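Here's the structure we're looking at; comments come further down.
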Amino acid sequence: MNAHNAGDVGSLPLAPRNPLPFRQRLKAVREYHIGQELLRETGGPVSRVTLGPKWLNEPIVWVTSPMGARDVLGRKDTACDRTAVHREMRHLMGDNIVDLPNEPWLSRKRTLQPLFTKQRVRTFGGHMSQAAAMVADGWGDNAEVDLDAECRRLTMRALGRSVLGTDLDKRADAFAEPLRIALSHIADRGMRPVRAPRWLPTPARRRAWAADAAMHRLSDEILQVCRADPTRDAPLVHALIGATDPATGRELSDQDIGNDLIAFAAGGYDTTATTLAYALWALGHHSEQQNRVAAEAAGIGDRELTPDDVPQLGYTVQVLHEAMRLCPPVAVAGRTAMQDIEVAGYRVEAGSMVLVGIYAMHRDPALWENPLVFDPDRFNAENSGGRDRWQYIPFGGGPRSCIGDHFAMLEATLALATIIRTIEIRSLQDDFPLAVPFTTVAAAPIQAHVRARN
Ligand code: HEM
């Protein structure tokens, strides 16, 4: 796949060092969504950022070209593995499919992947239609709502039903809040140039431990209920109980299942909610595109939308793709180089943290015409042809790409179509401020005016 095999990597030029002054470099790394664009502009598509001596901080290499993304994420060998952020997650939340290093992860992914095919996700997904209808009905006619808060509510409701077989939207204390605390703590420590030792019981660490314990109590409780009652309506939990590694026949332990249930809910919550909120906000500024979504959904008829309807919702899907281009919920995919590797013609040294800047690639004027313009037609069949497969990667790429991609697209499509077919949205804010406590989220309420569609 690379031009150079392992033996030749040594002859490549070292990834160039980013020339920004220290303070700006630090700021760019900490605000890593907008920061990555600045690092690309000043340092090029493969840019090495040092924040201190090597023995104290691993060098960070930002990669913002499709070729570089392929060289890092597309590798099938063991040269790239999990980062300090994943190690922090593993330490706090236990072994799960997101944080396991490649070697023990392989069996886990083989076991879980078959549950997440396009066909299989329909057996536990699809709860979004009802959740979206319920939330939108509650808005009434002529109201002002916070799109972000509303999308979080409906995503938590649907995700709770799909993943855990329980209602979570009214129990923020049981999941949403603990998740926020745990993920912020993990990202904060993982990206910190200097970390306090793990054993030190700081107030932040105590809060993170308590948050993790709350999530585990919930997943353990649900698992025990499902083990005792095979008729309990929680198809994903039952599927996990029955899942085996096709290569070894090994089943998942209760601990594995509990950890992965949390990983699925964690992986799906902020990401799906932000995608929906951004799509609604963007449509709230583009009435023509909004009317196209409404007409497409109305064409299906006046009944609850089901997974079978998704093939008729092609434009709605394009809107979601465009939302995830401009606002990729996972702004960065990180790896640790376990040996010297080639990235887009440069050498990246063993021990570096390699960060693929999805946000910067999705907005790069060299890759996209008028990159900041919201235009879902970029993703119609005609315009998508010939695009580099690595320039648009909202779900990542390669062996560790998102296991929940089909599930997320199913749910987001049903939610967006369900809302827009009955509600007309007018966004009240010009921008959609972003923050990246872990994944990309709205940094402030996203106010919109909503009224019933005639
Ligand atoms: C719009 C919604 C979503 C987006 C944009 C998204 C994006 C991503 C990305 C970019 C990765 C790869 C990260 C990397 O390479 O380091 C990833 C991994 C993952 N995602 Fe998602 N995700 C979404 C929804 C979901 C959902 C609903 C689930 C629940 C099942 C999920 C579960 C996971 C898991 C378990 C992984 C780790 C896979 C592995 O390491 O093998 N995601 N996601």
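The values are calculated or read from the model by the stated rules, or taken from the named source; none is laboratory data. On a predicted model such as this, the values are computed, not experimentally measured, just so you know. Neighbour counts run over all protein chains shown; Cβ positions are idealised from the backbone, glycine included.
Residue-by-condition table, conditions (1) under 30 Å from residue 301 (Cα atoms); (2) of a type in the set (A, V, I, L, M); (3) within 11 Å of the ligand (Cβ to nearest atom):
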position	(1), (2), (3)
371	no, no, no
376	yes, no, no
421	yes, no, no
425	yes, yes, no
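Checking residue 239 against (1) touching a His at 6+ places or on another chain (Cβ under 6 Å); (2) under 28 Å from residue 129 (Cα atoms); (3) surrounded by 13 or more Cβ atoms within 10 Å (Cβ to Cβ), which single condition isn't satisfied?
(1)
Within the stretch 43-69, work out how many residues are crowded, with 22+ Cβ neighbours inside 10 Å and of a type in the set (A, V, I, L, M, F, W, C).
Residues in the stretch 43-69 being crowded, with 22+ Cβ neighbours inside 10 Å and of a type in the set (A, V, I, L, M, F, W, C): 7 in total.
Within the stretch 163-215, track down each residue that is closer than 26 Å to residue 32 by Cα and polar (S, T, N, Q).
Selection gives 184, 202.
Quick one: residue 252 ticks every box in (1) within 16 Å of the ligand (Cβ to nearest atom); (2) under 25 Å from residue 157 (Cα atoms) bar one, so which box is it?
Every condition holds for residue 252 apart from (2).
If I ask for residues that are modelled with pLDDT under 90 and among the acidic types (Asp, Glu), which ones from the stretch 146-179 would you list?
167, 169, 173, listed by residue number.
Considering only residues of the stretch 70-97 that are within 16 Å of residue 336 (Cβ to Cβ) and aliphatic (A, V, I, L, M), which is surrounded by the fewest Cβ atoms within 10 Å (Cβ to Cβ)?
Within the stretch 70-97, the match that is surrounded by the fewest Cβ atoms within 10 Å (Cβ to Cβ) is 84.
Between 375, 364, which is closer than 27 Å to residue 146 by Cα and acidic (Asp, Glu)?
None of the others qualify; the one that does is 375.
Could you pull out every one of the helices (runs of 4 or more DSSP H) wholly within the stretch 6-101 that has 2 or more residues that are closer than 30 Å to residue 254 by Cα and out of contact with any strand residue (DSSP E or B) (no Cβ under 8 Å at 6 or more places or on another chain)?
Where helices (runs of 4 or more DSSP H) fall fully within the stretch 6-101 and carry at least 2 residues being closer than 30 Å to residue 254 by Cα and out of contact with any strand residue (DSSP E or B) (no Cβ under 8 Å at 6 or more places or on another chain), they are 84-93.
For the stretch 147-163, indicate whether the set of residues that are over 20 Å from the mean Cα position of the chain (by Cα) and either assigned to a strand (DSSP E or B) or farther than 30 Å from residue 31 by Cβ (or both) is non-empty.
No, the stretch 147-163 contains no residue that is over 20 Å from the mean Cα position of the chain (by Cα) and either assigned to a strand (DSSP E or B) or farther than 30 Å from residue 31 by Cβ (or both).
Which of the residues belonging to the stretch 16-73 are polar (S, T, N, Q), more than 24 Å from residue 394 (Cβ to Cβ) and in contact with a Ser or Thr (Cβ under 8 Å, 6 or more places away or on another chain)?
Within the stretch 16-73, 18, 57 qualify.
Run residue 325 past the list (1) in contact with a Leu (Cβ under 9 Å, 6 or more places away or on another chain); (2) surrounded by 23 or more Cβ atoms within 10 Å (Cβ to Cβ); (3) among the charged types (D, E, K, R) and report the number of the one that doesn't hold.
Among (1) in contact with a Leu (Cβ under 9 Å, 6 or more places away or on another chain); (2) surrounded by 23 or more Cβ atoms within 10 Å (Cβ to Cβ); (3) among the charged types (D, E, K, R), the lone unmet condition for residue 325 is (1).
In the stretch 223-234, what residues are surrounded by fewer than 17 Cβ atoms within 10 Å (Cβ to Cβ), within 25 Å of residue 119 (Cβ to Cβ) and not acidic (Asp, Glu)?
Step one: list which residues in the stretch 223-234 are surrounded by fewer than 17 Cβ atoms within 10 Å (Cβ to Cβ), which gives 224-225, 227-233.
Those left that are additionally within 25 Å of residue 119 (Cβ to Cβ): 230-233.
Within the stretch 223-234, 230, 231, 232 qualify.
For the stretch 405-439, what are the residues that are closer than 23 Å to residue 287 by Cβ and β-branched (Val, Ile, Thr)? Let's see the steps before the verdict.
Quick first cut of the stretch 405-439, residues closer than 23 Å to residue 287 by Cβ only: 412-433.
Matches in the stretch 405-439: 413, 418, 419, 420, 422, 423, 425.
Mind counting the residues in the stretch 261-313 that are of a type in the set (Gly, Ala, Ser), within 16 Å of the ligand (Cβ to nearest atom) and under 17 Å from residue 447 (Cβ atoms)?
4
Hey, among the residues in the stretch 102-128 that are small (Gly, Ala, Ser) and outside any helix (DSSP H, G or I), which one's nearest to the ligand (Cβ to nearest atom)?
This residue is 125.
Determine if the stretch 128-138 includes at least one residue that is crowded, with 17+ Cβ neighbours inside 10 Å and on the phi > 0 side of the Ramachandran plot.
Within the stretch 128-138, not a single residue is crowded, with 17+ Cβ neighbours inside 10 Å and on the phi > 0 side of the Ramachandran plot.
Provide a single number: the residues in the stretch 387-412 that are within 11 Å of the ligand (Cβ to nearest atom) and among the hydroxyl-bearing types (Ser, Thr, Tyr).
Within the stretch 387-412, residues that are within 11 Å of the ligand (Cβ to nearest atom) and among the hydroxyl-bearing types (Ser, Thr, Tyr) number 1.
Answer with yes or no whether residue 380 is surrounded by fewer than 21 Cβ atoms within 10 Å (Cβ to Cβ) and either touching a helix residue (DSSP H, G or I) at 6+ places or on another chain (Cβ under 7 Å) or under 24 Å from residue 270 (Cα atoms) (or both).
yes
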